[in-house]
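Engineer: First the structure, which I've put down as structure tokens, then a few questions once you've had a look.
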Amino acid sequence: MDLYFDQNGQPIKIVDNKFRYYEGAAGDNQLKTNRSSGAYIFRPNEQRTYPYGHVVESILYVDDDYHLYIKNLIQILDRLYD
């Protein structure tokens, strides 16, 4: 994430925030080498990542909370501390 700050050190703008994802491995769990991804263990299908999206809306609140919305599936709250 890229942030811009004013001369007083207060955040004023979120410039960019990108997300990428891995595709999970499909397997039948019959052999250890052919295990699929599950709830507690993620096994990527390959090392390549795929772009998901960019910030479609960002809101800066007075108390230094940033709410980011990416498409309609991801919502992120970032909080800045002194």
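Only the coordinates and a few stated rules stand behind these numbers; no lab work does. None of the values given here were measured: they were computed from a predicted structure. Glycine gets a Cβ as well: all are built from the backbone with ideal geometry, and neighbour counts include every protein chain shown.
Engineer: Which net charge results when you count Lys and Arg as +1 and Asp and Glu as -1 among the other residues whose beta-carbon is under 14 Å from that of Ala25?
Structural biologist: Charge balance near Ala25 sits at +1.
Engineer: Please report the net charge: other residues with Cβ closer than 12 Å to the Cβ of Arg43, K and R +1, D and E -1.
Structural biologist: 0
Engineer: May I ask you to sort Thr33, Thr49 by Cβ crowding, counting other Cβ atoms within 10 Å and putting the fewest first?
Structural biologist: Exposure proxy ranking, most exposed first: Thr33, Thr49.
Engineer: Ok, one more. Using a simple spin-label model with points 7 Å from Cα along the Cα→Cβ vector, what separation in nm is obtained for Tyr21 and Tyr50?
Structural biologist: It is 0.8 nm.
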